[in-house]
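Participant: Handing you this structure, nothing more for now.
Only the coordinates and a few stated rules stand behind these numbers; no lab work does. Not measured: the values here are computed from a predicted model. Every residue, glycine among them, receives a Cβ derived from its backbone with ideal geometry; neighbour counts consider all protein chains shown.
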Amino acid sequence: MSAHDYDVLVIGAGPAGSSAATRTAAAGLRTLLVEKETFPRFRIGESLLPAGNALLREIGVWPKIEAAGFIRKHGASFHLADGSADKYVDFANGIVPGLDQTFQVERATFDTILLEHARETGAEVRTATTVRQLIADAAGEGYRATLECSGASARDGATTKISARWVIDASGRDQLFPAELKRALDPSPFPKRVAIYNHFTHVARPDGRAAGNTVIVRLADGWFWLIPIDAQRTSVGLVTTVEAMRDRRLAPADLFAEAVATSAKLRELLAGAQPVMAFHVTSDYTYFRRELASPRLLLTGDAAGFFDPIFSSGVYMACHSAKLAADLVIRAHREDRALTDRERHRYTRAIKTHAGVFQKLIAAFYDNDSFSVFMCPRPPLGLAPGITSIVAGHSRLTWSTWWRFHVFLLVCRLQHRLPMVPNLRVAQMDQTHQSPIRPLVA
Ligand SMILES: Cc1cc2nc3c(=O)[nH]c(=O)nc-3n(C[C@H](O)[C@H](O)[C@H](O)COP(=O)(O)OP(=O)(O)OC[C@H]3O[C@@H](n4cnc5c(N)ncnc54)[C@H](O)[C@@H]3O)c2cc1C
């Protein structure tokens, strides 16, 4: 083997990067994990899926997650904005065993646990360090990267060069260095959307088993999430289209407050809510890259693609793609070769097949007729347990979930012409109330 500084360079220490680095380090590969921020750092994406628990167990970090005191999540409640329809999805009622529960996490803490776990497993970790440039070796045997120190240290701005045989790009939605694979995108299946969010105190929560659940409130042209992240704070976000935001010509915090005012359910849940920081805005986050692997570089997590936060699939997909990428790297490294065309295409296909299940569920959520089917208290043909398991993250469909999912999609399509369940009046909004949300915090 040629002399490279590292076997694997992992770019970014979100869930994808830390998971991948833990796996390659545990397999004995010299792994460098580079993160541009200093941890702990704020991140959105606080609701986990039960299907991701197994991935966290596999890398040995699960006991630390369980010991961290995160809020237990047993399911999710879906509400229509005017409070006229509700649906409670309890993961324990799913058809797939072992997906009963997971956690809501403050990402600053969760990501730090994963990063420290990667370090303890043997990865070398450099934070406050940005990968600025990535150049493939002429011989195609690896990459040379330029790393730049950032932050308050005396080394701010200093650069170093390193080489690695493999690169796992887990840099999320950032585009700090040009990478060939990142140029070509799949056509987007969804309109451009924007999320406006904050953490709040004094948000109403259900009692008992459902206290830690995600609450979703569906509006005419968007929705809200409410995710409890500790005893006091709840993450609350509005998702709407970029077009609707442009039409309203309001500052993000004012648009958020206005949307709360239009919904009886939100006015009830957020009656005493106090924001604890400035509002965050993230827009245009829907994309998927066409190819996700080249002979010695793989895209994982959000660096590969992301559709929509509605079913909380982001962290699960990040950890899942990290597993597939790390497994490929470990095997090819042991055999002293690059990835074959077949391996690269299978990797891309595997990620997109998984993401495709969420994509169809997301499309059903945004379509009013399909949403009526989803919200139906007793969906026809005994579909509910299968859909519950998919909402819990079971996106690698087995026969029992596959047929239920496809019949659900068929019923959704039929609902347009031949309604099988009563249609909800999603578009009715109540514009006459004052918002309980005051945009600015003292
Ligand atoms: C509004 C919204 C709500 C969401 N809610 C949920 C949810 O409830 N549940 C869920 O599972 N998912 C949710 N997601 C998705 C979730 O945030 C992401 O899918 C998840 O964080 C992806 O993890 P990652 O490791 O791929 O990337 P990230 O978590 O984004 O981590 C990437 C890391 O790479 C670092 N980095 C970037 N560039 C460089 C560089 N050049 N050099 C070094 N480091 C670099 C960044 O600093 C960052 O720490 C949501 C997303 C949005 C937009």
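Participant: Could you grab me the full set of residues in region 269-284 that are part of a loop (DSSP other than H, G, I, E, B), farther than 11 Å from Phe200 by Cα and among the hydrophobic types (A, V, I, L, M, F, W, C)?
Facilitator: Ala271
Participant: Still on this structure, please answer the following. Checking Ala158 against (1) more than 25 Å from Arg23 (Cα to Cα); (2) touching a residue at least 40 places away in the same chain (Cβ under 8 Å); (3) not basic (Lys, Arg), which single condition isn't satisfied?
Facilitator: Here Ala158 clears every test but (2).
Participant: Please list, ordered by first then second residue, the pairs with beta carbon atoms under 9 Å, 6 or more apart or interchain, first in region 136-152 and among the β-branched types (Val, Ile, Thr), second part of a loop (DSSP other than H, G, I, E, B).
Facilitator: Thr146/Phe177
Participant: Go through region 64-86 residue by residue and tally those that are surrounded by fewer than 17 Cβ atoms within 10 Å (Cβ to Cβ) and either in contact with a His (Cβ under 9 Å, 6 or more places away or on another chain) or closer than 30 Å to Asp221 by Cβ (or both).
Facilitator: Of the residues in region 64-86, 4 are surrounded by fewer than 17 Cβ atoms within 10 Å (Cβ to Cβ) and either in contact with a His (Cβ under 9 Å, 6 or more places away or on another chain) or closer than 30 Å to Asp221 by Cβ (or both).
Participant: Given the conditions (1) in contact with a Leu (Cβ under 9 Å, 6 or more places away or on another chain); (2) away from the ligand (no atom under 11 Å from the Cβ); (3) more than 26 Å from Val89 (Cα to Cα), and given that Ser188 satisfies all but one, which numbered condition is not satisfied?
Facilitator: In the conditions (1) in contact with a Leu (Cβ under 9 Å, 6 or more places away or on another chain); (2) away from the ligand (no atom under 11 Å from the Cβ); (3) more than 26 Å from Val89 (Cα to Cα), Ser188 misses (1) alone.
Participant: What residue, of Asp284, Asp327, is charged (D, E, K, R), surrounded by fewer than 20 Cβ atoms within 10 Å (Cβ to Cβ), more than 11 Å from the chain's Cα centre (by Cα) and within 12 Å of the ligand (Cβ to nearest atom)?
Facilitator: Asp284
Participant: Then there is this: Working only within region 209-240, note down all residues that are more than 23 Å from Val373 (Cβ to Cβ) and touching a Phe, Trp or Tyr at 6+ places or on another chain (Cβ under 6 Å).
Facilitator: Of everything in region 209-240, those that are more than 23 Å from Val373 (Cβ to Cβ) and touching a Phe, Trp or Tyr at 6+ places or on another chain (Cβ under 6 Å) turn out to be Thr234, Val236, Gly237, Leu238.
Participant: Kindly check whether there is at least one residue in region 324-335 that is without any contact (Cβ under 8 Å) to a residue 40 or more places away in the chain and under 21 Å from Lys182 (Cα atoms).
Facilitator: There is at least one residue in region 324-335 that is without any contact (Cβ under 8 Å) to a residue 40 or more places away in the chain and under 21 Å from Lys182 (Cα atoms).
Participant: Checking Ala259 against (1) surrounded by fewer than 22 Cβ atoms within 10 Å (Cβ to Cβ); (2) aliphatic (A, V, I, L, M); (3) within 23 Å of Val236 (Cα to Cα), which test does it fail?
Facilitator: Only one criterion is unmet by Ala259, namely (1).
Participant: Keeping to region 1-59, report how many residues are in a loop (DSSP other than H, G, I, E, B) and of a type in the set (Gly, Ala, Ser).
Facilitator: So the count comes out to 8.
Participant: Among the numbered criteria (1) within 15 Å of the ligand (Cβ to nearest atom); (2) surrounded by 15 or more Cβ atoms within 10 Å (Cβ to Cβ); (3) within 23 Å of the chain's Cα centre (by Cα), which one does Arg126 miss?
Facilitator: (3)
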